[in-house]
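Inspection log for the structure reproduced underneath, given as structure tokens.
The values are calculated or read from the model by the stated rules, or taken from the named source; none is laboratory data. None of these values were measured; they are calculated from a predicted model. Cβ sites come from the backbone with ideal geometry, for glycine too, and all protein chains shown count toward neighbours. In case anyone asks, the SASA skips ligands and DNA or RNA and just uses the protein heavy atoms, side chains included. Shrake-Rupley method; radii C 1.70, N 1.55, O 1.52, S 1.80 Å.
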Amino acid sequence: MPKMTFIERDGSRREVDAPVGLSVLEIAHKHDIDLEGACEGSLACATCHVIVDPEWAGKLSEPTDDEEDMLDLAFGLEQTSRLGCQIVMTEDLDGLTVQLPKAG
């Protein structure tokens with residue numbers, strides 16, 4: 001099973017199992033990681049904003065226009081910011097690292 005690493009707001013790292021087909025948001029909730037997802041992954045908010053490690057950013061599909069619009073609402077936006085609900089785990093993403101923004 002693929003794994004991924006969350007860098008939490010306090011800087012601690014948590015490596016977790018990341019089942020193929022689940023979104024980063026779903027994986028976070030499965031492991032009690034503090035990633036809100038107020039709209040439950042329906043692409044209607046930016047509360048699942050994560051910062052993708054630059055080494056992994058190029059391996060993800062490009063964000064849709066709708067995702068870009070929602071990201072405009074996110075606090076602490078970075079060059080590699082994405083919405084966790086829009087990143088779906090695949091075998092190719094084994095080892096993916098994302099950081100939770102410092103303030104949410």
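Filtering the stretch 14-49 to residues that are touching a residue at least 60 places away in the same chain (Cβ under 8 Å), open to solvent by 70 Å² or more (accessible area, probe 1.4 Å) and under 14 Å from the mean Cα position of the chain (by Cα) leaves Asp34, Glu36. Of the listed requirements (1) touching a residue at least 40 places away in the same chain (Cβ under 8 Å); (2) more than 13 Å from Val88 (Cα to Cα), Asp65 misses just one: (1). The set of residues in the stretch 50-104 being open to solvent by less than 50 Å² (accessible area, probe 1.4 Å) and either among the polar types (S, T, N, Q) or touching a His at 6+ places or on another chain (Cβ under 9 Å) (or both) consists of Met70, Leu71, Ala74, Gly76, Thr80, Ser81, Arg82, Leu83, Gly84, Thr97, Leu100, Pro101.
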